[in-house]
1. Could you run the Karplus curve 6.51 cos²θ - 1.76 cosθ + 1.60 with θ = phi - 60° over segment 108-121 and give me ³J(HN,Hα) per residue in whole Hz, x for Gly and Pro?
2. Taking only the C-alpha atoms, wrap a convex hull around segment 168-225 and report its volume per residue in Å³ as a whole number.
3. What residue among ALA292, ALA236, ALA201 shows peak mean-square fluctuation when the chain is described by a Gaussian network model with Cα springs under 10 Å?
4. What accessible area per residue, rounded to a whole number of Å², is obtained for the chain using a probe radius of 1.4 Å?
5. 5 Å is the cut-off here: which amide hydrogens, built 1.01 Å from N in the peptide plane, fall below it relative to VAL256, excluding neighbours closer than 5 in sequence?
6. If you average the sequence gap of Cα pairs under 8 Å that are 6 or more apart and divide by the length of the chain, what percent do you get for the contact order?
7. Can you list the residues, at least 5 places off or on another chain, whose amide H is less than 5 Å from the amide H of ARG206, using H built in the peptide plane?
8. In debye, nearest 20, what is the charge dipole magnitude of the chain about its Cα centre with +1 on Lys and Arg Cβ and -1 on Asp and Glu Cβ, if you could check?
Amino acid sequence: MMDGLESLATRWIGRWAEPRFDAVEATRDLTPAVVVTGGSSGIGLALAHQFARHSQAIVLIARTPSRLEAAVLEIGQRHPNVRVEQLSLDISSPEAIDALSSWLAERRLYCDVLVNNAAIGHSGPFSAAPTARLEALIATNVAAVARLTRAVLPAMIARGRGGILTISSLGALIPGPHQAAYYASKAFALSLTEAIASEAAGRGVRIAVVLPGPVETRFHARMDAEGSLYRHLLAAATPERVAALSVRSYRLGRRVIAPGFVPTVAVPFLRILPHAVSVPIVNWLLDTGRPALRSDEDKSSPQL
Ligand SMILES: NC(=O)c1ccc[n+]([C@@H]2O[C@H](COP(=O)([O-])OP(=O)(O)OC[C@H]3O[C@@H](n4cnc5c(N)ncnc54)[C@H](OP(=O)(O)O)[C@@H]3O)[C@@H](O)[C@H]2O)c1
């Protein structure tokens, strides 16, 4: 049933596709890979497991080699017929695209599906955010998503097939006081993906964005948000459930994916609720109680 619906969706997505002979020929002896940024843990690892059920090769990208090794082992054990590779790479670096491109070519792989999943967060008042952290957040969540997407999309359109799945957040729909830069970065991912999906409609490339609510991963602790109220008041989904629902909707050709009951209800609600009402509630839920100034950095860096 699912396979039948997927092939109907594939036909619709490729209704105006004009695969170019040279582009298709260029990949004839190569293996199509699903490239998952941030594939070593949390939602990325769970997505890699889901894609492994229907793919020939999976490439996991993250910075920490030990976590990558563990993830490759885990996927390999559960999906012994799938080729699983790891690439230790910081996607926030401007050189990451060249590094990934030559790494794939050396292994006779090409990117058939890009999963833009890696991201970092920051919690606490924007006025006290270390500037290095803000720059890393924008480089990872905004610049890398745009660069990777721009790098893979032309070849996918030329082949008349492929896919880009970008993980945004419910936070994309509202400003997020105390996680201001993170929420803004997720709004960028949502807006970019919906726009590109419209530009490339019918050309054979599945382009979708996922808006999860809270998910139980290391993400919250890594951005020091465990003290925020939302961690105690809002139930968190498992990464496995989010990944299963997301890949299912992606295969069916959905563009904006709300994985689960809470996101499905929250998306239309957040789209119509005035910010005058929603932002104070989010402010309350995300407040970390940390002070609005970091005197150490502010004393040593120029103030305007
Ligand atoms: N958890 C939630 O509640 C939630 C809710 C909505 C949306 N999301 C989104 O879901 C996605 C995955 O988050 P998660 O919760 O699964 O977080 P996670 O467990 O912290 O995983 C993040 C992954 O990204 C990798 N990563 C981070 N920076 C990187 C970089 N510069 N280069 C390469 N890899 C990098 C991490 O590995 P290394 O650190 O080793 O590089 C790790 O594999 C993110 O886009 C997040 O915004 C999460």
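The values are calculated or read from the model by the stated rules, or taken from the named source; none is laboratory data. Bear in mind the structure is a predicted one, so any value in this text is a computation, not a measurement. Cβ atoms come from the backbone with ideal geometry, glycine included; neighbour counts cover every protein chain shown. For the accessible areas, the whole protein counts, side chains as well, though only heavy atoms, and no ligand, DNA or RNA atoms are used. Shrake-Rupley method; radii C 1.70, N 1.55, O 1.52, S 1.80 Å.
1. 6, 10, 9, 7, 8, 9, 9, 10, 7, 10, 4, 7, 10, x
2. On the way: hull volume 4.8 nm³, N = 58.
Spelled out: Cα convex hull of segment 168-225, divided by residues, is 83 Å³.
3. Greatest mean-square fluctuation among the candidates belongs to ALA292.
4. Numbers: 15050 Å² over 304 residues.
Per residue, the chain has 49 Å² of solvent-accessible surface.
5. Residues meeting the criterion, in which the H sits 1.01 Å from N, are VAL209.
6. On the way: 548 pairs, mean separation 65.6, N = 304.
Reported as a whole number, the value is 22 percent.
7. GLY162, GLY163, ILE164
8. On the way: 31 positive and 25 negative charges, 144 e Å.
Approximately 700 debye in magnitude.
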